[in-house]
């Protein structure tokens, strides 16, 4: 018996390797399932939050807006317009026909999201009318220091502006300056005041 086992030692080695591979593959599959479940859970949470925001901020009044946190207020106004766009037969037309202040809030909300990466990231990954609305919106809410940097970056990414071209050194310089001066809490408060002012009209 022992002699037989010794004779076929390589079979035992192969069996051991197969067992190791089986456990490794099982561990990989388990991780993949957990990762997929986590993605689905996050997507479900996002859908619930989106519905909550649309329900809460549809038809919101100025007095109600005063009691909301600036971040959620901007997100809620954006969610309501996003829902209208999604339901529309012609989404682009729906967006263009929305009240200008709502389109401005929508654009500024995505400006805030994208500039978490960098100022140039927003202009690189979005186009008109969102970029133009955002720049004008920054001026409207009286964020002058932010406006200076945003308008210079906008000029570089504006396809219709042939007098200014993309300059990577300049982009890095503006990104750095923007990061130094940008105060998200102050910006959101200015945006909240802008929303309340428009809801009062």
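Looking across 104, 117, 69, one residue alone is surrounded by fewer than 13 Cβ atoms within 10 Å (Cβ to Cβ) and within 21 Å of residue 193 (Cα to Cα). It is 69. Of the helices (runs of 4 or more DSSP H) lying entirely inside the stretch 76-150, those containing at least 3 residues that are touching a helix residue (DSSP H, G or I) at 6+ places or on another chain (Cβ under 9 Å) and closer than 18 Å to residue 59 by Cα are 100-114.
Suppose the filter is at negative phi, at pLDDT 95 or above and within 16 Å of the chain's Cα centre (by Cα); does residue 133 pass it? Taking the combined requirement at face value, the residue does not satisfy it.
Being outside any loop (DSSP other than H, G, I, E, B) and either free of Cβ contacts under 8 Å to residues at least 60 places away in the same chain or within 17 Å of residue 114 (Cβ to Cβ) (or both) is a property that holds for residue 174.
Does any residue of the stretch 161-171 turn out to be at pLDDT below 95, in a helix (DSSP H, G or I) and under 28 Å from residue 76 (Cβ atoms)? Taking every residue of the stretch 161-171 in turn, none turns out to be at pLDDT below 95, in a helix (DSSP H, G or I) and under 28 Å from residue 76 (Cβ atoms). Restricting attention to the stretch 134-146, the residues that are surrounded by fewer than 21 Cβ atoms within 10 Å (Cβ to Cβ), more than 16 Å from residue 181 (Cβ to Cβ) and free of Cβ contacts under 8 Å to residues at least 40 places away in the same chain total 1.
The values are calculated or read from the model by the stated rules, or taken from the named source; none is laboratory data. Model, not experiment: these values are computed from the prediction. So basically every Cβ, Gly included, is an ideal-geometry build from the backbone, and we count neighbours across all protein chains shown.
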